[in-house]
Each structure stands twice: as C-alpha cells, then as structure tokens.
1. Being exposed (fewer than 14 other Cβ atoms within 10 Å of the Cβ), out of contact with any Lys or Arg (no Cβ under 8 Å at 6 or more places or on another chain) and not in a loop (DSSP other than H, G, I, E, B) is the filter here, so list the residues in the stretch 77-95 that pass it.
2. Taking the conditions exactly as written (in a helix (DSSP H, G or I) and modelled with pLDDT under 90), does residue 128 satisfy them or not?
3. Looking at the stretch 99-122 only, could you name the residues that are surrounded by 11 or more Cβ atoms within 10 Å (Cβ to Cβ) and modelled with pLDDT of 80 or more?
4. Would you pick out the residues in the stretch 1-16 that are surrounded by 10 or more Cβ atoms within 10 Å (Cβ to Cβ) and among the charged types (D, E, K, R)?
5. For residue 147, state whether it is modelled with pLDDT of 80 or more and on the phi < 0 side of the Ramachandran plot.
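The values are calculated or read from the model by the stated rules, or taken from the named source; none is laboratory data. Source: prediction; values computed, not measured. As a convention, Cβ positions derive from the backbone with ideal geometry for all residues, glycine included, and neighbour counts pool all protein chains shown.
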Amino acid sequence: MRPGWRHPVRIGDALSATLQRLGLEGRIRQHDLWRVWPLVVGPEIARHAQPHTIAQGRLIVHVTDSVWLHHLSMMRHRLVPALNEKLAPAGIRELVLRVGEVPVVPAGPSPKAVPTEPTRGVHPARLAEIDKTLSSLGDAPFREALRRVWLRASRSARPDASRPPEQRSR
C-alpha cells in the first residue's frame, strides 16, 4: 500500500463517520421520522396527523381537528416509545399536538414501497454486482437512493462501463 493511503472501508461506515463528523447524523435520523410516521401510526391516522417539526426532543405534530388531537393525546404514551424504537436513537421525549395544516397523504401502496430506478441499459452482471455491494447497507432509504445514483451512472457512462469489469475492453 502506498504511503498516506488508508485501508478500504465499507461505504456505509464511511458515510456514517462523515455524517457524524459534520454533525448531520442526528438530522438524518430526524428526517427518517417522516418516513416511519405512517408505519408507526397507521394510514388512517397519517391522513389526519403529520409530524411538523422536531427540536430538542419535542416532536410537534399537526392534526386536522380537535377530534384527532384528542385521539392522539390518548395514544401519546404509546407513540413516543414506538417512534423512538423505530428511529433509535431519535431522542423524542415529548409529543406536542396542534391543530394545523396536514399535507394530503396519497392513498395507495404501503409507505414501505420505494420506486426503483429502471434497470434498462445496465448489464445483468453489473446489476447483480451493484445489488451485492449495497446489500450490506442497513439503511433501506439510503441504500435505494445510492442504488438509483449508481444505476443512473452505469447507464450514462461509457457503453462498456455498464458491463462487469471482467468483460470490459482494455
């Protein structure tokens, strides 16, 4: 190994370290709140209540009316631990409910469904290599985003770049 070079590390570890060093790791976890909210509360409640902001351990949730405000206030003791479990360590200490504007949540597929990038134009062996490399990443939204970027780069690169390394022209 050349002087000054470091040993290779997994991309997930490198990204985690970089986000932590930049002080963004907590904000990324907080962003996950909007992704997991419908999974924790269910689609019916998600249509009437949405997270608005989170700061210093206080999650502010907007609800459509006082009926939903009352309903969620009765569920508060279950929601905070459930959210913290899904987002560990989210550090939500308090749930603050307010009547306010709630964005429309489209009815349809489960919030778990993430549209995948079309694989047309990417060699199947290259696709398998990408999926194998990314399989160790635990964070599904990040893994899917990175997969989309990688597939897009594989399609727009040189024609033989989408092929696996052993089949590329030299």
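1. 77, 78, 81, 85, listed by residue number.
2. yes
3. 99, 100, 102
4. Matches in the stretch 1-16: 10, 13.
5. Taking the combined requirement at face value, the residue satisfies it.
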